[in-house]
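Everything on this sheet refers to the single structure shown next.
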Amino acid sequence: MDNPLYDYSAIVDRPYRPLPHGARVAVWVGVNVEYYAFGVPALSLVRDVPFSPPDSLNYGWREYGSRVGIFRLADRLAQIGVRGTAIINSEVVRRHPSAVRLLKDADWGWVAHGRNNSTLQRDMNPDVERAYLAAVTNELEAGLGQRPRGWLGPARVSTLATNDLLAELGYDYALDWSNDDQVTPFLVKTGRLVSIPYSVEINDIVAFVLHGHTGPQFQTAIIDHFTELYEQADKWPSILGLSIHPFLSGQPSKLRYLIDALSEIAAHRDIWMTTSDEIADWYYGEAS
């Protein structure tokens, strides 16, 4: 099957599009604020042991993020003047109100991330998925006081209909496709939808769970990724979307290395520390 969701575009064939304020790189921090259903298999520290409820080791590890990690992480980001973008399950609004209040007060951005991280869109037909997306969107709008403009599917799972349905519901961008360093358009039947860069390489799940990196190794990877984008920015002004999960990067043994990396990046005068919504505003303003 040919890819029906977007056209191929080589970065060398695109017109030069400068970032705001003369920035060489735009950097945004996507913090996944999630709820995992109790008694359901999910991302695990130990994956070769058959699942058996209540799965105290793995469930407790993930829940650390909503009980402790998000608060440690938000506090340290505030200390260095970095606003995050909360990539949030709608069920978090009801189950973890303290976290939602904190992030509202901190003026973070918001991205819809499904109802919870145990419900995936994989087997949904378009009518079922349309109803699900609409319900999640309405739940978040009611709980946050604003309608989300961006979407990330739990586990980055989507269907061939997802992008069309998101555009139909008025979404401006999606994060599921980590295929570029610049904003790129999707092909949708109605409305508009773009992909905003959100790294699968500079992602703490990939770093810590899949590759077994230490905190210092993740810090080095973030800086190396940023530095290469920065050095090539005369040709290709690019976006670094950093993917963070509070049950990982909110752990005391890891948090300092994330903060040190972001502090080093933010010390550059010619970068744009921003949110995904602000990137969408810039892109559509330039494109109109």
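Rank these for me by crowding, 218, 208, going from fewest to most other beta carbons within 10 Å.
Details: 218 23, 208 20.
Arranged by neighbour count, lowest to highest, 218, 208 become 208, 218.
Put the Cα centre of the range 246-288 next to the Cα centre of the range 176-193 and the gap is 21 Å.
Extending 7 Å from the Cα toward the beta-carbon at both residue 11 and residue 128 defines two label points whose distance is 3.9 nm.
Global dimensions of the range 5-76 from alpha-carbon coordinates: Rg and Dmax equal 20.3, 54 Å.
First select every other residue whose beta carbon is under 11 angstrom from the beta carbon of residue 190; then total the charges, Lys and Arg +1, Asp and Glu -1. Present the calculation step by step, with values, prior to reporting the outcome.
Working: positive: 189, 192; negative: 164, 168.
Net charge in that neighbourhood comes out at 0.
For the range 127-222, the set of GluC sites (Glu not before Pro) satisfying both a DSSP loop assignment and a count of at most 13 other C-beta atoms within 10 Å is given as 201.
If you add up the charges near residue 112, with Lys and Arg at +1 and Asp and Glu at -1, over every other residue whose beta carbon is less than 10 angstrom from its beta carbon, what do you get? Before the final figure, lay out each step's value.
Values: positive: 115, 147, 149; negative: 139, 141.
With Lys, Arg at +1 and Asp, Glu at -1, the neighbours total +1.
Starting from the Cα-Cα distance between residue 231 and residue 256, subtract it from 0.36 nm times their residue separation and give me the gain in nm to one decimal.
Residue separation times 0.36 nm, minus the Cα-Cα distance, leaves 6.4 nm.
Amide H to amide H distances under 5 Å link residue 118 with 37, where only residues 5 or more positions off or on other chains count and H is placed in the peptide plane.
Under 5 Å between amide hydrogens, built in the peptide plane, is the criterion, and for residue 271 it picks out 24 among residues at least 5 positions away or on other chains. If you take all other residues with their beta carbon under 12 Å from the beta carbon of residue 14, and give Lys and Arg +1 and Asp and Glu -1, the sum is -2. The HN-Hα couplings worked out from phi for the range 85-92 by the Karplus form 6.51 cos²θ - 1.76 cosθ + 1.60 (θ = phi - 60°) are 10, 7, 9, 10, 5, 5, 5, 5 Hz, whole numbers, x standing for Gly and Pro. For the range 146-159, the Karplus equation 6.51 cos²θ - 1.76 cosθ + 1.60, evaluated at θ = phi - 60°, returns couplings of 7, 7, x, 10, x, 9, 10, x, x, 6, 6, 8, 9, 10 Hz by residue, with Gly and Pro reported as x.
For the pair the range 70-103 and the range 1-44, the centres of their Cα atoms are 20 angstrom apart. The amide H of residue 87, built 1.01 Å from its N in the peptide plane, has 31, 32, 33, 111 as neighbours under 5 Å, considering only residues 5 or more places off or on other chains.
Couplings 3J(HN,Hα) for the range 111-116, derived from phi with the Karplus relation 6.51 cos²θ - 1.76 cosθ + 1.60 (θ = phi - 60°), are 10, 6, 9, x, 7, 7 Hz, where x marks Gly and Pro.
Where a number appears in this text, it was derived from the coordinates with a stated rule and is not lab data. Quick caveat, the model's predicted, so the values are computed rather than measured. Cβ sites come from the backbone with ideal geometry, for glycine too, and all protein chains shown count toward neighbours.
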